[in-house]
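First comes the structure, then the notes that go with it.
The values are calculated or read from the model by the stated rules, or taken from the named source; none is laboratory data. Being a predicted model, the structure only gives us computed values, none of them experimental. Using ideal geometry, Cβ is built from the backbone for each residue, glycine included, and neighbour counts are taken over all protein chains shown.
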Amino acid sequence: MSPDPGLSPDFTRLPHSCPVCLGQFHPDNPRQVYCSPVCKQAARRSDPAELAAHTCPVCQTEFTANPRMRQVYCSPDSRRDAENQRNRDRNHERARRLADQQATTLPARAADPLQPAAVRNCPHCDQPVTIVALLATPEAARPTIHQPGSDIIALRRI
C-alpha cells in the first residue's frame with residue numbers, strides 16, 4: 001500500500017505508541033496502529049464483537065452470529081440446501097439455453113439416410129474423407145444390383 005499523499009515521506013521517523021503493549025514503534029505505513037500482528041490480534045480478542053441477529057435465507061429462522069464472520073446460514077444443513085438449490089437452478093437454466101440453441105440451429109427436416117455421418121482425415125494422405133452410414137436403412141443394407149453377365153469378372157489365384 002502506498003503512503004497517503006498528504007503525509008511527509010519521513011513519517012516513519014516519528015515513533016508511535018502501541019495501544020495494547022504501550023511500547024514505542026516506528027510504523028511501516030501511515031495507517032499502522034499496532035506494533036505487531038500479535039498486538040493487533042490481542043486487541044481484536046480483548047474487544048469482542050457484539051453478536052448480531054441474522055435471518056437464514058433458506059429456512060427463515062432468526063440466529064445470532066459474529067458480524068466479523070460472514071455467516072449467512074443458520075446451519076450447515078441450510079448451507080447445503082442452498083447450494084443444492086443453486087445447482088438445480090443452474091442446471092435448469094443450462095438445459096433451457098441448450099434447448100433454445102438447438103431449436104434455432106437445427107431446422108426440422110427429414111434426415112437423409114445417405115447423409116454424410118462424419119468427415120475424417122485419411123491416415124495415409126491426410127485428406128478429408130466423408131464417411132457415409134450405408135447400413136442406416138434396410139434398402140441401403142441390401143441394395144439390388146443389376147448384374148449383366150459380362151460386367152463382373154471373378155478373381156482367381158494363380
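Scanning the range 54-79 for residues that are under 24 Å from ARG44 (Cα atoms), of a type in the set (S, T, N, Q) and assigned to a loop (DSSP other than H, G, I, E, B) turns up ASN66, GLN71. The residue that is modelled with the lowest pLDDT, counting only those in the range 20-29 that are surrounded by fewer than 12 Cβ atoms within 10 Å (Cβ to Cβ) and either at positive phi or within 45 Å of the chain's Cα centre (by Cα) (or both), is ASP28. With respect to (1) loosely packed, with under 12 Cβ neighbours inside 10 Å; (2) outside any loop (DSSP other than H, G, I, E, B), the lone exception for LYS40 is condition (1).
For the subset of the range 64-116 comprising residues that are small (Gly, Ala, Ser) and within 24 Å of PRO48 (Cβ to Cβ), which member is modelled with the highest pLDDT? The extreme case among them is SER75.
Taking every residue in the range 26-47 that is more than 20 Å from LEU14 (Cα to Cα) and free of Cβ contacts under 8 Å to residues at least 24 places away in the same chain and pairing it with any residue that is assigned to a loop (DSSP other than H, G, I, E, B) and hydrophobic (A, V, I, L, M, F, W, C), at least 6 positions away or on another chain, the pairs with Cβ-Cβ distances below 6 Å are ALA42/VAL20.
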